[in-house]
Amino acid sequence: MNSKPRKPFALFSLSILILSPGPDSQITSPVTITGISNPAFEQRLSIQILDEAGNVLLSDGVTINASLGERGPFEATIEFEPPAQLQHGRLIV
């Protein structure tokens, strides 16, 4: 029997795992986005923050902190212009 501890399933099943901000989080500017990702072209990921209507509030990029072709962590602290009133939105990585 294998006695090695298992890593959480989500770390292996998702191409990109956003660790923060979490689901249903209220964010302000600047916001720090962290996660783990499978390798990407030149280890770059696109980040977008959308308002409730789907308007793009921010479009930026972040580099995966791993060797080319390797899965690794990413972190970006980015500023955006928040909507005038509190509303639901979406973070896309």
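Worth pointing out:
- Qualifying residue in the range 3-11 (condition: hydroxyl-bearing (S, T, Y), surrounded by 11 or more Cβ atoms within 10 Å (Cβ to Cβ) and modelled with pLDDT under 95): no
- Listed by first and then second residue, the pairs with beta-carbon distance under 6 Å, at least 6 apart or on different chains, first residue in the range 65-86 and part of a loop (DSSP other than H, G, I, E, B), second of a type in the set (G, A, S), are N65/G72; A66/G72; E79/S29; F80/S29; P82/S29.
- For T32, the criteria (1) in a strand (DSSP E or B); (2) without any contact (Cβ under 8 Å) to a residue 40 or more places away in the chain; (3) of a type outside the set (A, V, I, L, M, F, W, C) hold in every case but one, which is (2).
- Criterion: β-branched (V, I, T) and either at pLDDT below 95 or open to solvent by 60 Å² or more (accessible area, probe 1.4 Å) (or both) - qualifying residue of I27, I47: I27
- The range 50-89: number of residues that are touching a Gly at 6+ places or on another chain (Cβ under 6 Å) and open to solvent by less than 80 Å² (accessible area, probe 1.4 Å): 5
The values are calculated or read from the model by the stated rules, or taken from the named source; none is laboratory data. All values derive from a computational prediction rather than experimental measurement. Here the Cβ is made from the backbone with ideal geometry for all residues, glycine too, and neighbour counts use every protein chain on show. These accessible areas exclude ligands, DNA and RNA; they are computed on the full protein's heavy atoms, side chains included. Shrake-Rupley method; radii C 1.70, N 1.55, O 1.52, S 1.80 Å.
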